[in-house]
Structure formats: C-alpha cells, structure tokens
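Okay, so here's the structure we're looking at.
The values are calculated or read from the model by the stated rules, or taken from the named source; none is laboratory data. Remember, it's a predicted structure, so these values are computed and weren't measured experimentally. Glycine gets a Cβ as well: all are built from the backbone with ideal geometry, and neighbour counts include every protein chain shown.
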Amino acid sequence: MPAAGEPAPDFALPAAPGPERVRLSDHRGRPVVLLFVPLAFSGTCTAELCRVRDDWRRWQALDAVVLGVTVDSPFVVARWREELGAPFPILSDFNREAASAYGVLYEDFYGLRHVPKRAAFVVDPAGRIAYAWVSEDADVLPPFDEVAEAVRTGS
C-alpha cells in the first residue's frame, strides 16, 4: 500500500463499456478522492457512494475529484452509477490492476478471491498520497470527515 508522501500509482480504468478510460494522472492539479469498494449493488457499498452523492456539495466546495473503484465489469458499474445517480465516475477495475497497485485486495472475501477492501485514498494535486485509510471490515464506512480534512489540508 502506498504511504503518505509517496507517488500515487497511476491507472486507466473504464467507467462504462467502450475504449474510453479515466486516468488518475489526468486530474493532476486537483485533489482526488479514491474510494475502493468491494462489490457494486451491495448494501454497504451502495450506502457509501450514496453518502458521497448526498454530500456532493462538500466535495465540490473542496474542488475534489471523486472516483469510485470496484472490480465489477464496466457494464455493471455503468448501471450502478445510473441507479445511484452518482455525480462522479465509478470505475471498473475488473483486472484488479488499481486495487493491486494500492495493496487493497482481500485474498479471500467470503469465498471470493481478490475483492478490494473498503479503502479511501486522497491524492494531492501533485499526484502524491496525502491520506490512506483501509478497513479489514467491509461493513465499516470510511471516516469521511478525515478524508475531507485531508483534501482540505493536503495531508
């Protein structure tokens, strides 16, 4: 897992079926909140992203880019985003490249292999990790006040 002050691993992931990719490095100059969630449409994952959606003005006021990341297919994440009405991209890390680079994969998650842990990272405008939070308990939501403070202060 990258630690505070280290360069954030770059990635290029789809938010929908097709060739377009969202690159972390395309957002240099702005803080980025990366939210790794285990599985689309699950209760706690839906609650987490709905909380971000419902508090969207907070993230806009901080000029933060928010990116949800899950290992579900681009078809699933596009549908999930539509159903949630999420104003931010939810990205498909189907090949687990980003989750591996960030060190947030469970070996075994209730019999499923290589599902991401619930995690939140703040990447500062220079592309470095400003904050990292990873939970071993998939039922625990990120500490959003801490995440917002890290966006605000860059640490």
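When D72 is tested against the conditions (1) of a type outside the set (G, A, S); (2) in a loop (DSSP other than H, G, I, E, B); (3) surrounded by fewer than 14 Cβ atoms within 10 Å (Cβ to Cβ), the lone failure is (3). Only one of the numbered conditions (1) crowded, with 16+ Cβ neighbours inside 10 Å; (2) at pLDDT 95 or above; (3) within 19 Å of W133 (Cα to Cα); (4) touching a Pro at 6+ places or on another chain (Cβ under 8 Å) is violated by G103, and that is (1).
Applying a threshold of 9 Å to beta carbon distances and a minimum spacing of six or more residues, or different chains, the list of pairs starting in the range 56-73 at a residue that is within 24 Å of A16 (Cα to Cα) and without any contact (Cβ under 8 Å) to a residue 60 or more places away in the chain and ending at one that is surrounded by 14 or more Cβ atoms within 10 Å (Cβ to Cβ) and polar (S, T, N, Q) reads V69/S92; T70/S92; V71/S92; D72/S92; S73/S92. Only one of the numbered conditions (1) touching a strand residue (DSSP E or B) at 6+ places or on another chain (Cβ under 6 Å); (2) touching a residue at least 12 places away in the same chain (Cβ under 8 Å); (3) loosely packed, with under 14 Cβ neighbours inside 10 Å is not met by V37, and that is (3).
Being assigned to a loop (DSSP other than H, G, I, E, B) and either hydroxyl-bearing (S, T, Y) or surrounded by fewer than 22 Cβ atoms within 10 Å (Cβ to Cβ) (or both) holds for only one residue in A86, A78, and it is A86.
None of P19, P9 is part of a loop (DSSP other than H, G, I, E, B) and free of Cβ contacts under 8 Å to residues at least 24 places away in the same chain except P19. Do we find a residue being farther than 21 Å from G103 by Cβ and out of contact with any strand residue (DSSP E or B) (no Cβ under 6 Å at 6 or more places or on another chain) anywhere in the range 3-15? No.
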